[in-house]
Amino acid sequence: MGKGAPTSSLVSRWWRRRDTPMLSTLRPWLFIAPCALFLLLFVGYPIVLVFVTAFSRVDVLGRLHGFDGLANFSVLIDDRFLSALKNSLVWTTTAVLGGTVLAFLYSLVLNTRFPGRSVFRTLMLVPWAMALPIGSLVFVWIFDDQFGFVTAFLHGLGIISANVSWLGAGATAFPVLILVAIWASLPFVTVVCLAGLQTIPDELHEAASIDGASFAQRVRFITLPLMRPVLAVGIILNIVGMFNSFPIVWIMTQGGPGYATEIIPTFIFREAFINQDFGGAAAVSLIVFLFLLTFSILYARESSVVSDRA
Amino acid sequence: MLENRGNHTFVIAAVSLCATLLIVFPAYVMLSTGLKSSETIFASPPQLVPNPVVVGNYPDVLFRSQIGSNLINSAILSLGTAILVLLLAFPAAYSVARHRFRGRRLFMFSLLALQVFAPITLIVGAFKLMATYGLVDSYWGLILMDSAFALPFGVWLLQGYISTIPREIEEAARVDGASGLRLLASVVVPLALPGLATVAMYGFVTAWNEFLFALTLIQRDELKPVTVGLMSFRGLYSTRWDLLMAGATLATIPPLIVFFVISRSMIRGLTGGAVR
């Protein structure tokens with residue numbers, strides 16, 4: 001590289017002037033600036049646009065025509081929105097609860113030493129590595145009413161006698177979608193649980209065993225309390241991810257049949273890009289945004305607790 | 001933490017085998033359906049192992065359908081995102097890892113908080129932004145949005161990596177006369193290479209697996225990435241699950257490999273270093 005071209009030596013000479021206090025406070029920010037500006041432009045500015053759109057009169061092409069008060073927010077008393085909201089709450093709570101319980105049990109198993117454990121620990125990451133839209137497509141085929149594995153399996157066991165149109169009826173479609181959501185989130189939550197388990201020293205369990213604590217007691221009084229900080233972060237992220245999850249529902253049912261499986265994300269997408277009601281979509285986004293803001297602060301606080309501990 | 005004596009170990013191994021098989025089952029269905037013929041996909045009961053094994057679905061889907069070009073689009077988008085994330089994340093991560101300055105905590109806190117925002121919350125704004133600047137139906141629009149969503153965690157990962165590099169190495173190089181950008185290029189970059197590679201690959205996987213931005217910002221068929229392309233394919237050939245699953249398998253291989261390469265460091269970053 002030699003002694004460097006004139007321009008680069010100019011830059012490095014400027015760089016070395018560490019004496020001026022102004023410069024030494026600015027320098028770290030100069031490095032951060034591209035990243036920060038980029039995020040402001042492509043995350044911050046769209047959020048501002050959502051705000052502005054929500055309070056504007058918007059035509060079908062998405063052009064804004066001045067302030068319109070709360071008119072766009074009338075969508076919030078629409079029955080379709082209310083049912084999407086209800087579905088979203090059911091979807092998020094059941095998938096997060098189910099996923100957390102299953103992942104916790106699974107992590108207890110995977111935390112035990114047995115031959116082949118590392119293979120399982122790797123294989124269980126597969127749903128995470130697969131693109132969710134692709135995973136969702138595969139599940140459409142698995143739940144195919146005539147040729148899918150689930151129909152054949154339950155038929156073979158004698159549980160169902162005729163073909164069930166799993167995704168064709170709201171009563172079965174929604175549980176199936178939630179199952180897929182749990183499948184998709186299981187690796188992440190399991191990894192979080194495993195992380196929590198590894199922070200607990202073995203001596204605690206040994207001491208408790210000697211004192212006669214049963215397995216269930218040890219889980220209740222040692223494992224769960226000590227895992228709380230790590231688990232809290234995992235659950236917050238999972239709630240948020242679940243609430244915002246779009247591909248599973250959009251690919252498997254498009255919110256149907258009717259609007260039986262419509263959740264808030266598919267509602268926003270439909271309002272904006274199918275019904276061309278950008279104002280309504282922005283109004284709903286705004287509500288979701290405020291909701292997420294709470295979780296986001298909660299998450300940042302909880303996870304700084306975790307990283308301070310580590 | 002469970003006792004691992006005799007029977008216990010066996011039961012635990014059996015339980016985790018069953019659970020893991022269930023978890024991997026969809027991936028297996030995808031792979032095996034892609035190897036069935038257009039008749040045997042409709043076998044009743046469905047074949048667990050394809051018979052005969054049909055390899056022809058792969059060239060069919062690659063060269064005689066839209067999926068081939070969708071895969072190329074995905075590759076371009078993902079590489080573009082990887083590079084952009086890398087370029088933006090490295091200086092920021094270095095600065096945060098090496099300097100203590102006013103606003104540092106705020107910046108880190110914002111990065112964490114940003115990880116909670118999903119594309120769906122700002123899709124209306126993002127679409128408006130891209131439409132205004134003519135970036136709908138352009139790789140750029142999608143690369144920019146995907147990068148914005150990969151960036152916060154990318155910086156987070158990379159600063160974690162850089163802070164594990166002993167500061168003394170840089171100080172020694174500085175004593176030897178290297179400084180400024182020279183120091184960065186010839187000392188920091190080589191040392192941080194594994195971290196940089198991880199961040200680039202994280203950007204790659206994020207862009208490859210993304211769906212909502214791709215669905216809204218790309219409308220022309222020939223520009224669609226493979227996640228959206230497969231969905232259109234299903235709309236066109238609703239009964240050709242053999243071809244669809246072959247395409248899905250092809251679309252899964254690149255991110256799967258990359259994901260497994262970086263999973264360890266990703267998990268470490270996610271869990272604040274609690275898993276080692």
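Checking every residue in the stretch B:231-253 against the condition of being within 8 Å of another protein chain (Cβ to nearest Cβ) and under 30 Å from residue A:62 (Cβ atoms) gives at least one match.
Applying a threshold of 6 Å to beta carbon distances and a minimum spacing of six or more residues, or different chains, the list of pairs starting in the stretch A:230-253 at a residue that is buried (at least 21 other Cβ atoms within 10 Å of the Cβ) and ending at one that is part of a helix (DSSP H, G or I) and acidic (Asp, Glu) reads A:233/A:302.
Figure legend. Inter-residue proximity from the stretch A:61-80: first residues surrounded by 14 or more Cβ atoms within 10 Å (Cβ to Cβ), second residues in a loop (DSSP other than H, G, I, E, B) and not charged (D, E, K, R), beta-carbon distance below 6 Å, spacing 6+ or different chains. Indicated pairs: A:80/A:259. No other residue among B:50, B:46, B:59 is free of Cβ contacts under 8 Å to residues at least 12 places away in the same chain and buried (at least 16 other Cβ atoms within 10 Å of the Cβ) apart from B:46. For the stretch A:205-214, the condition holds for no residue, the condition being that it is part of a helix (DSSP H, G or I), more than 10 Å from chain B (Cβ to nearest Cβ) and under 33 Å from the mean Cα position of the chain (by Cα).
Please verify whether residue A:121 is open to solvent by 40 Å² or more (accessible area, probe 1.4 Å), within 13 Å of chain B (Cβ to nearest Cβ), closer than 30 Å to residue B:11 by Cα and outside any helix (DSSP H, G or I), treating the condition exactly as stated. Against the criterion (open to solvent by 40 Å² or more (accessible area, probe 1.4 Å), within 13 Å of chain B (Cβ to nearest Cβ), closer than 30 Å to residue B:11 by Cα and outside any helix (DSSP H, G or I)), residue A:121 does not qualify. For first residues located in the stretch B:177-200 and within 23 Å of residue B:269 (Cα to Cα), partners that are open to solvent by less than 40 Å² (accessible area, probe 1.4 Å) and of a type in the set (Ser, Thr, Tyr) and lie 6+ apart or on another chain with Cβ distances below 6 Å form the pairs B:198/B:265. Residues that are over 30 Å from residue B:12 (Cβ atoms), part of a helix (DSSP H, G or I) and touching a residue at least 12 places away in the same chain (Cβ under 8 Å) were ranked within the stretch A:133-157; the one that is farthest from the chain's Cα centre (by Cα) is A:151. Checking A:273, A:221 one by one, the residue that is within 28 Å of residue B:248 (Cα to Cα), surrounded by fewer than 22 Cβ atoms within 10 Å (Cβ to Cβ) and not polar (S, T, N, Q) is A:273 and no other.
Residues checked against (1) under 23 Å from residue B:136 (Cα atoms); (2) surrounded by fewer than 17 Cβ atoms within 10 Å (Cβ to Cβ); (3) in contact with an Asp or Glu (Cβ under 9 Å, 6 or more places away or on another chain); (4) modelled with pLDDT of 90 or more:
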| residue | (1), (2), (3), (4) |
| --- | --- |
| A:267 | yes, no, no, yes |
| A:280 | yes, no, yes, yes |
| A:285 | yes, no, no, yes |
| A:289 | no, no, no, no |
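Yes or no, residue by residue, for (1) open to solvent by 20 Å² or more (accessible area, probe 1.4 Å); (2) touching a strand residue (DSSP E or B) at 6+ places or on another chain (Cβ under 7 Å); (3) in a helix (DSSP H, G or I):
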site: B:12; (1), (2), (3): no, no, yes
site: B:24; (1), (2), (3): yes, no, yes
site: B:31; (1), (2), (3): yes, no, yes
site: B:36; (1), (2), (3): no, no, no
site: B:116; (1), (2), (3): no, no, no
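Every test in (1) closer than 24 Å to residue B:166 by Cα; (2) surrounded by fewer than 23 Cβ atoms within 10 Å (Cβ to Cβ); (3) facing chain A (nearest Cβ under 7 Å) is passed by residue B:105 save one, and that test is (3). Mind checking whether some residue in the stretch B:187-202 is closer than 24 Å to residue B:61 by Cα and in contact with a Leu (Cβ under 8 Å, 6 or more places away or on another chain)? Looking for residues that are closer than 24 Å to residue B:61 by Cα and in contact with a Leu (Cβ under 8 Å, 6 or more places away or on another chain), one finds none in the stretch B:187-202, hence no. Only one of the numbered conditions (1) modelled with pLDDT under 90; (2) closer than 30 Å to residue B:153 by Cα; (3) open to solvent by less than 10 Å² (accessible area, probe 1.4 Å) is not met by residue B:16, and that is (2).
Just a yes or no: is a residue in the stretch A:103-112 out of contact with any Ser or Thr (no Cβ under 9 Å at 6 or more places or on another chain) and facing chain B (nearest Cβ under 8 Å)? Taking every residue of the stretch A:103-112 in turn, at least one turns out to be out of contact with any Ser or Thr (no Cβ under 9 Å at 6 or more places or on another chain) and facing chain B (nearest Cβ under 8 Å). Of the residues making up the stretch A:129-147, those that are closer than 17 Å to residue B:22 by Cβ and within 7 Å of another protein chain (Cβ to nearest Cβ) are A:129, A:130, A:135, A:138, A:139, A:141, A:142. In the stretch B:210-223, the qualifying residues are those that are open to solvent by 30 Å² or more (accessible area, probe 1.4 Å) and of a type outside the set (Asp, Glu), and the one that is nearest to the chain's Cα centre (by Cα) is B:215. Taken across the stretch A:163-171, residues that are within 13 Å of chain B (Cβ to nearest Cβ), under 30 Å from residue B:44 (Cα atoms) and surrounded by fewer than 19 Cβ atoms within 10 Å (Cβ to Cβ) do occur, with at least one present. Looking at B:150, B:113, just one residue is in contact with a helix residue (DSSP H, G or I) (Cβ under 6 Å, 6 or more places away or on another chain), within 8 Å of chain A (Cβ to nearest Cβ) and within 17 Å of residue A:39 (Cβ to Cβ), and that residue is B:113. Filtering the stretch B:124-157 to residues that are open to solvent by less than 40 Å² (accessible area, probe 1.4 Å) and aromatic (Phe, Trp, Tyr) leaves B:127, B:153.
Looking at the stretch A:50-70, is at least one residue part of a strand (DSSP E or B), more than 11 Å from chain B (Cβ to nearest Cβ) and aromatic (Phe, Trp, Tyr)? The answer is yes; a qualifying residue exists. The sole residue among B:183, B:230, B:236, B:243 that is open to solvent by 30 Å² or more (accessible area, probe 1.4 Å) and over 17 Å from residue B:149 (Cα atoms) is B:236. Here residue A:112 fulfils each of the conditions (1) without any contact (Cβ under 8 Å) to a residue 40 or more places away in the chain; (2) open to solvent by 20 Å² or more (accessible area, probe 1.4 Å); (3) touching a helix residue (DSSP H, G or I) at 6+ places or on another chain (Cβ under 6 Å) apart from (2).
The values are calculated or read from the model by the stated rules, or taken from the named source; none is laboratory data. Since we're looking at a predicted model, the values are computed, not measured. Positions of Cβ are generated from backbone atoms using ideal geometry, with glycine treated the same way; all protein chains shown enter the neighbour counts. For the accessible areas, the whole protein counts, side chains as well, though only heavy atoms, and no ligand, DNA or RNA atoms are used. Shrake-Rupley method; radii C 1.70, N 1.55, O 1.52, S 1.80 Å.
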